[in-house]
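Notes follow once the structure below has been shown.
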Amino acid sequence: MELRDIEIFLTLAEELHFGRTAARLHVSPARISQAIQKQERQIGAPLFERNSHTVRLSPVGQQLRDDLRPLYAGLKDSMERAQLVGQGITGVLRVGMLPANAYDLRPYWDAFRLRHPQWKLRIQKIQFSDAFATLRRGDIDVLIAWLPIDEPDLIVGPVLFADPRVLAVSTGHELTRRTSVSLEIAADFQHPQSDTRPDYWYNAAIPRETRRGRTIERGPLVQDTEGAITLASMAEIVVLFPAHMTRYWIRPDITYLPVTDMGPLPYALVWRSETENELIRALAEVARDLGPLAQQS
């Protein structure tokens, strides 16, 4: 199988839809069908079970997917490393962002690149529901996450910023008659539920109770910021956020209200102790040298 055919097979195995696969790979659906038919002829068995309504992997296709996925990932990584070395780049540091304010953090990125032109910095957004797993799988090298974090295998580095808290509500919500709210008032309404672990970490962002001991009810399950904002826009929930959301997630159907009785939420660099390397230490050094960002207005 050629590398392009492997890419087509693995993408179809993920999408299970010929049209979406073609759109994602910027080819025609006919090209996808031809590649799969060619592979099935070479293997001598169907890779997909398909009819006019559904596309599913066959048992042979499942085995081939499981065998090819790590090999393909390794080939892509090898090609990328070779290209980077050809450009004089000897290392890549992958930073996973939970907050939405990557633009605010440019002083850190710019200083890192200026000090270490031989290394590439790659910034990517990740979901809070999978944040620690993403770090532990090795999909990223450094995580920017809210505190506290107390995990035996993780190192908490310097704090980058600390944001005041705001409450996101639908523009038609009764709370929009106010200019600010307290957590006690916000506790009258449902907040998002999540299967994010560990519990203490999610509870730091969305508390279980107010300072007076009132239980804060949690409603629908959310996996990411987009899902939480969507439910808030439909007045199903209210959502506590860091204040930079008022600048980076401006929507006509969302109003942000300052929360008066919660302290700022700090965000810091976090990485696995066993994977610490000179690139991670260099970014941490930049953060310590520059110090935390001034609070944005």
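Looking only at residues that are of a type in the set (S, T, N, Q) and out of contact with any helix residue (DSSP H, G or I) (no Cβ under 6 Å at 6 or more places or on another chain) in the stretch 251-273, which one is surrounded by the most Cβ atoms within 10 Å (Cβ to Cβ)?
If we filter the stretch 251-273 for residues that are of a type in the set (S, T, N, Q), which is where we start, we get 255, 260, 273.
Checking the rest, the ones that are also out of contact with any helix residue (DSSP H, G or I) (no Cβ under 6 Å at 6 or more places or on another chain) come to 260, 273.
Details: T260: 13, S273: 10.
Among them, the one singled out is T260.
Quick grid of which residues meet (1) at pLDDT 90 or above; (2) farther than 30 Å from D163 by Cα; (3) surrounded by fewer than 13 Cβ atoms within 10 Å (Cβ to Cβ); (4) hydroxyl-bearing (S, T, Y):
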residue	(1), (2), (3), (4)
Q39	yes, yes, no, no
P59	yes, yes, yes, no
D66	yes, yes, yes, no
A73	no, yes, yes, no
R81	no, yes, no, no
I89	no, yes, no, no
R94	yes, no, no, no
D104	yes, no, no, no
Pairing a residue in the stretch 208-226 that is farther than 14 Å from M262 by Cα with any residue that is at pLDDT below 90 and among the basic types (K, R), where Cβ atoms lie under 7 Å and the two sit 6 or more apart in sequence or on different chains, gives none
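Quick check on my filter: what residues within the stretch 274-295 are in contact with a helix residue (DSSP H, G or I) (Cβ under 7 Å, 6 or more places away or on another chain) and either within 21 Å of I140 (Cα to Cα) or not hydrophobic (A, V, I, L, M, F, W, C) (or both)?
Start the filter on the stretch 274-295 by keeping residues that are in contact with a helix residue (DSSP H, G or I) (Cβ under 7 Å, 6 or more places away or on another chain), which leaves 282-283, 286-287, 290.
If the condition is that a residue be in contact with a helix residue (DSSP H, G or I) (Cβ under 7 Å, 6 or more places away or on another chain) and either within 21 Å of I140 (Cα to Cα) or not hydrophobic (A, V, I, L, M, F, W, C) (or both), then A282, L283, V286, A287 are the ones that fit.
Among the helices (runs of 4 or more DSSP H) lying completely within the stretch 221-297, list those that include at least 1 residues that are under 20 Å from A186 (Cα atoms) and out of contact with any Phe, Trp or Tyr (no Cβ under 9 Å at 6 or more places or on another chain).
Numbers: elements: 225-233, 245-248, 278-290.
Result: 225-233.
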Residues located in the stretch 108-156, provided they are among the polar types (S, T, N, Q) and in contact (Cβ under 8 Å) with a residue 60 or more places away in the chain: Q127, S129
Quickly run through the stretch 42-61 and pick out the residues that are closer than 20 Å to E7 by Cβ and without any contact (Cβ under 8 Å) to a residue 24 or more places away in the chain. I43, P46, R50, S58, V60
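Scan the stretch 121-131 for residues that are surrounded by 13 or more Cβ atoms within 10 Å (Cβ to Cβ) and either out of contact with any Ser or Thr (no Cβ under 9 Å at 6 or more places or on another chain) or modelled with pLDDT of 95 or more (or both) and jot them down. It would help to see each step written out before you state the result.
The first filter runs over the stretch 121-131 and keeps only residues surrounded by 13 or more Cβ atoms within 10 Å (Cβ to Cβ), leaving 121, 123, 126-131.
Scanning the stretch 121-131 gives L121, I123.
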Out of (1) at pLDDT 95 or above; (2) closer than 24 Å to Q127 by Cβ, the odd one out for T255 is which? (2)
Cβ-Cβ under 7 Å, sequence separation 6+ or interchain: first residue in the stretch 6-30 and farther than 16 Å from K76 by Cβ, partner acidic (D, E). Which pairs? T21/E15
Any chance the stretch 146-155 includes a residue that's aromatic (F, W, Y), at pLDDT 95 or above, assigned by TED's automatic domain parsing to the domain that holds P99 and out of contact with any Lys or Arg (no Cβ under 6 Å at 6 or more places or on another chain)? yes
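The values are calculated or read from the model by the stated rules, or taken from the named source; none is laboratory data. These figures come from a predicted structure and were not determined experimentally. Please note: Cβ atoms are built from the backbone with ideal geometry, for glycine as well, and neighbour counts cover all protein chains shown.
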